[in-house]
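The values are calculated or read from the model by the stated rules, or taken from the named source; none is laboratory data. Fair warning: this is a prediction, and the values are worked out from it, not measured in the lab. We place every Cβ from the backbone using ideal geometry, glycine too, and count neighbours over all the protein chains shown.
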Amino acid sequence: MPAEKAIISGLSGRYATALFALARESASLEALARDRAHLTAFFGEQPGLLSLAASPLLTRNQQGAVVETLATRLDLSALMKKFLGVLTRNRRLSILLAVLRDLSALEADHKGEVTADVRVARALTKTQMTALEAQLKSIAGRDVAINASVDESLIGGLVVRIGSRMIDSSIATKLDSLERAMKGI
């Protein structure tokens, strides 16, 4: 597979690209990566909190207070605090997870890696993750940063997306294919 550049588009892509450029100019890419990881992990553990914070029922001041408390609790960098303030003022907190995903792709591209979004039926062990990373590296031809998420609807197996390429070896897809074949579709 030839080396692919990260394709970042849409509103979240514009915000992510601007934030990444600011971090690069101020030589704070490491702090940005740390902040992104903290926010991604936090909202992964507390998925409803972002919806609550982004609620249109809250005033900008209330949203700002929630964001400020969160930023202090997670010990985020000044750049990320300012960025979250901009999202809050522009009423764009709802796209924060998409911005974080796009930032991850930009960081990987900057390091010469490719990002692989992997959905699995059950969480992977460290050994499985290492083996998957090695296999994906051989397919992509360069280092791979894996964004893994659990999706129990897959039943078993995994779905990998690297750039525009998708590899679906989930049991759910195989069962769906069998069902279509049996129906004669």
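The number of residues in the range 25-55 being over 17 Å from the mean Cα position of the chain (by Cα), of a type outside the set (A, V, I, L, M, F, W, C) and closer than 19 Å to residue 68 by Cβ comes to 1.
If you go through the range 143-185 and keep only what is in a strand (DSSP E or B) and either over 21 Å from residue 133 (Cα atoms) or small (Gly, Ala, Ser) (or both), you end up with 145, 148, 149. Remark: residue 39 falls outside the filter, which requires a residue to be touching a helix residue (DSSP H, G or I) at 6+ places or on another chain (Cβ under 7 Å), under 22 Å from residue 162 (Cα atoms), not assigned by TED's automatic domain parsing to the domain that holds residue 169 and not polar (S, T, N, Q).
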